[in-house]
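The values are calculated or read from the model by the stated rules, or taken from the named source; none is laboratory data. These numbers were taken from a predicted model, which means no experiment stands behind them. Please note: Cβ atoms are built from the backbone with ideal geometry, for glycine as well, and neighbour counts cover all protein chains shown. Please note that ligands, DNA and RNA were not included when accessible areas were found on the heavy atoms of the full protein model with its side chains. Shrake-Rupley method; radii C 1.70, N 1.55, O 1.52, S 1.80 Å.
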Amino acid sequence: MLATGAAVTNVTALAQVDREKIYQWINELSSPETRENALLELSKKRESVPDLAPMLWHSCGTIAALLQEIVNIYPSINPPTLTAHQSNRVCNALALLQCVASHPETRSAFLAAHIPLFLYPFLHTVSKTRPFEYLRLTSLGVIGALVKTDEQEVINFLLTTEIIPLCLRIMESGSELSKTVATFILQKILLDDTGLAYICQTYERFSHVAMILGKMVLQLSKEPSARLLKHVVRCYLRLSDNLRAREALRQCLPDQLKDSTFAQVLKDDTTTKRWLAQLVKNLQEGQVTDTRGIPLAPQ
C-alpha cells in the first residue's frame, strides 16, 4: 500500500514539473529570443496537455506572438523563397493554433477574432516545394480541426470567407495529402444544410464544385487513392440530396463512378461502395420534370 502511495506521489510530482515547464514555455513565447524553442516544445506537448488551448488563449500576449510568427512569413511567400527552417517554425505556431481551434472552450473566440483569415495567404500559394506543401497542409489542418467539430457557427463563419474556392484549387492541384484534407473540408461544409444550400444556390458555385470533383475522379482512375476517393464519393452523394443538383448530376456524373473502374480500389471498403450505390440510385429515381431554378448552364 505504501509503495502504491509513493508511486502516485511521484506521478503527481512529475505532472507538476511538466506543468511548470508548460507555463515556462508559454511565457517564453512572448520573447523573440526564446520563442522558437518554446514553439517546438509546446507543439510536441499539445496532444498530452488537455487544457493547453485555454492556457494559450488566456495567457498575455501568446496569441499575438503566434500571429506574429504567421505574419513574419508573408514576405517569403511572394516571391516564393520560404525555407524548410522557416516552414517548420511557422508550422509549429500553426499546430498550436489548431489546438485552440479544436478546443470547445476557445473555438468560438478563435472564430470571433477571425484568426483563420491569417492562414488564407498560405492556402493561396502554388509552389510545389516541400516547405510550401508542408505549410499548406498544416494550414488546412487548422481549418480541418474546425469543421471536424460539426458546429454550425464554424460553417456559418467559413461561408463568409473564400475557403471553398481555396479548397477547390488545392483539390485540383495539391499533393494527395493536401487534396484529401481539402476534400474533407468541402465534404463537411456540404454535410451541413446551410453549406449544401450555399453551394447549390447558383449555377456558378455548383458547376465549379462539380467540375473539380469530375477532374479528381478522372485523376483517381489513373492514380487510385481509396482515402481520397471516399471523400469525393461522399461529396457527390451529399450533392445528390439537393433536387436541383441531382438533376444536374444526371448530366455530369463521371462514367468512372457508374462502371467498374473503382471496383478493385473499393473491394474492401463497404462504406464507400454503399455510398456509391446510393448515389447511383438517387440519380436514377425522382426525376424532376419542372426544371425552373435548377442550376443548369445558362442558355
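Within straight cross-link reach of Lys267, meaning Cα distance under 18 Å, which aspartates and glutamates are found once same-chain residues fewer than 8 apart are removed?
Glu223, Asp259
Would you look at the GNM of the chain, springs on alpha carbons closer than 10 Å, and say which of Ile77, Ile63, Ile163 moves the most?
Comparing Ile77, Ile63, Ile163 in a Gaussian network model of the chain, the most mobile one is Ile77.
Using θ = phi - 60° and the Karplus relation 6.51 cos²θ - 1.76 cosθ + 1.60, list the HN-Hα couplings for segment 207-222 in order, rounded to whole Hz, with x at every Gly or Pro.
5, 5, 4, 5, 5, 5, 4, x, 5, 5, 4, 4, 5, 5, 5, 8
If Rh is defined by the Kirkwood formula over all Cα pairs and Rg also comes from Cα, what ratio Rg/Rh do you get for the chain?
Result: Rg/Rh = 1.06.
Starting from segment 129-175, pick out the GluC sites (Glu not before Pro) whose DSSP state is loop and whose Cβ has at most 15 other Cβ atoms within 10 Å.
Counting only loop positions with at most 15 other Cβ atoms within 10 Å, the GluC sites (Glu not before Pro) in segment 129-175 are Glu162.
What whole-number value in cubic angstrom gives the convex hull volume per residue for the C-alpha atoms of segment 32-154?
In segment 32-154, the Cα hull volume divided by residue count equals 104 Å³.
Run the reach check for Lys148 against lysines, Cα to Cα strictly under 16 Å, same-chain hits fewer than 8 apart removed. What comes back?
Answer for Lys148, where 16 Å is the Cα cut-off: Lys188, listed by chain and number.
Each residue of segment 237-247 in turn: what ³J(HN,Hα) in whole Hz from Karplus with 6.51, -1.76, 1.60 and θ = phi - 60°, glycine and Pro shown as x?
Listing the rounded values in order: 4, 5, 4, 5, 6, 8, 4, 5, 5, 4, 4 Hz.
Rounded to the nearest whole Å², what accessible area per residue is found for the chain with the 1.4 Å probe?
I get 50 Å² per residue for the chain.
Given a 10 angstrom Cα cut-off, can you work out which residue in Thr272, Thr202, Thr138 is the most mobile in a GNM of the chain?
The residue with the greatest mean-square fluctuation here is Thr202.
Given a cut-off of 27 Å, what percent of all Cα-Cα pairs of segment 159-299 lie beyond it?
Value for segment 159-299: 15 percent of Cα pairs lie more than 27 Å apart.
Among Leu218, Tyr203, Ile164, whose Cα sits farthest toward the positive end of the charge dipole of segment 151-257 (+1 at Cβ of Lys/Arg, -1 at Cβ of Asp/Glu, about the Cα centre)?
The one lying farthest along the dipole's positive direction is Leu218.
Based on alpha-carbon centroids, what's the gap between segment 31-77 and segment 201-246 in Å, whole number please?
If we compute the Cα centre of each part, the gap is 37 Å.
Which GluC sites (Glu not before Pro) in segment 19-114 pass both tests, a DSSP loop state and at most 10 other beta-carbon atoms within 10 Å?
Taking segment 19-114 and a limit of 10 other Cβ atoms within 10 Å, the loop GluC sites (Glu not before Pro) found are Glu47.
When the accessible area of segment 192-277 is computed with all protein chains present and a 1.4 Å probe, what percentage of it is carbon and sulfur?
49
Excluding the sites themselves, what is the longest stretch of the chain that contains no trypsin sites (Lys or Arg not before Pro) in a DSSP loop with at most 11 other C-beta atoms within 10 Å?
129-266
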